[in-house]
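K.L.:
Please see the structure below; I have some questions.
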Amino acid sequence: MAITDHAPDLPLIRMVPIPRLAQGGKWRVEAMRSYSTPLLLWFTRGQGRITAAGVTRGYGAHNLIFLPAGTMHAFDLSQHVHGTALFLPQNSDLKLPDRQVHLRIRDAIPQGEMAVQLDNLQRELDGDKTGRARAIRYHLGLLSVWLERQMEAEEEAEGVPTPKAAVRLARAYADKVERDFRSGKSVADYAAELGVTSTHLSRVCRQTCGRPASALLQDRQLFEARRLLAETRLPVQDIAEALGFGSAAYFSRSFQARTGKTPTGFRRGN
């Protein structure tokens, strides 16, 4: 629920159950996409795999994943997965990590603290009591302190590993794809910009996330194509051009090969 407080300087935040992110189809979470604001995912039940910034890891209950704005990601969402997605304000004075974070919270005390923080925040979002805007800011501040402390605790327990060369390359590739997937660039173009061969780039992506570099690029384009078809009335020709395809016919063939539906058929069903 978005904040509708009368304080004009209050940043918008949104807090929704994780399963609701898949409204309109599982492709909304299981295909590569990004958000323009930071995202915190708190999983309370179930398990699966999440790919973020070109790296795949398993997640389970009491896992927290923080994704800075613009982080390309996708995750499995079975009927057994539950939790909360918190879309945080961008460009605010809230102290947030500048990198992707994945924490496995094993201790019952911080697990309980997180549950209380989210419950308190949800109560203020749903309410209209005096001082609501201030209370929301304070709860967000406490949540950021909790996250900072848990990150420090994990670093003290495990040390801060230096990202391996493969992970660094995969993250760099994912960042470039998120920035330029509408440009029509090929994997070879991205590889050249990164100073490696396309073969090496694909080998690295298979190592870090189990898929070749081309699959990550195509998946990101496919999500955007579905989103534009489902949420706008743009002609298929315009969508093809917006995503860097040489022609509407090529776009339609590619879309049908990967979804089993034509762009028009997909739009009709959404």
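K.L.:
If the cut-off is a Cα-Cα distance under 30 Å, which lysines reach residue 176, setting aside same-chain residues fewer than 8 apart in sequence?
P.N.:
26, 95, 164, 185, 261
K.L.:
Quick one: accessible area per residue over region 91-146, 1.4 Å probe, rounded to a whole number of Å²?
P.N.:
61
K.L.:
Right, next: When the accessible area of region 218-270 is computed with all protein chains present and a 1.4 Å probe, what percentage of it is carbon and sulfur?
P.N.:
48
K.L.:
Can you tell me, using C-alpha contacts under 8 Å and at least 6 residues apart, the relative contact order of the chain as a whole percent?
P.N.:
It rounds to 18 percent for the chain.
K.L.:
Accessible area per residue for region 190-244 in Å², computed with a 1.4 Å probe and the full protein assembly in place, what is it?
P.N.:
Using a 1.4 Å probe on heavy atoms only, each residue of region 190-244 averages 46 Å².
K.L.:
Tell me which trypsin sites (Lys or Arg not before Pro) from region 51-141 have a DSSP coil assignment and no more than 13 other beta carbons within 10 Å of their own.
P.N.:
In loop regions of region 51-141 (DSSP not H, G, I, E or B), the sparsely surrounded trypsin sites (Lys or Arg not before Pro) are 95, 99, 106, 129.
K.L.:
Still on this structure: State the Cα centre-to-centre distance between region 65-131 and region 232-249 in whole Å.
P.N.:
Region 65-131 and region 232-249 have Cα centres separated by 35 Å.
K.L.:
Continuing with this model, one more query. Consider just the alpha-carbon atoms of the chain and return their Rg together with their Dmax, both in angstrom.
P.N.:
19.9, 60
K.L.:
Oh, and also: Looking at the calculated P(r) for region 196-256, what percent of the C-alpha pair distances fall above 16 Å?
P.N.:
Across region 196-256, Cα pairs with separations above 16 Å total 50 percent.
K.L.:
Of all accessible surface on region 30-182 at a 1.4 Å probe, what whole percent is carbon and sulfur?
P.N.:
Percent of accessible area from carbon and sulfur atoms in region 30-182: 48.
K.L.:
Oh, and also: Sort all Cα-Cα distances of region 120-214 into consecutive 10 angstrom bins from zero, then give the percent of pairs in each bin up to the one containing the longest distance.
P.N.:
14, 26, 16, 23, 17, 4
The values are calculated or read from the model by the stated rules, or taken from the named source; none is laboratory data. Computed from a prediction, not measured in an experiment: that's the story for all the values here. We place every Cβ from the backbone using ideal geometry, glycine too, and count neighbours over all the protein chains shown. All accessible areas refer to the heavy atoms of the entire protein, side chains included, with ligands and DNA or RNA removed. Shrake-Rupley method; radii C 1.70, N 1.55, O 1.52, S 1.80 Å.
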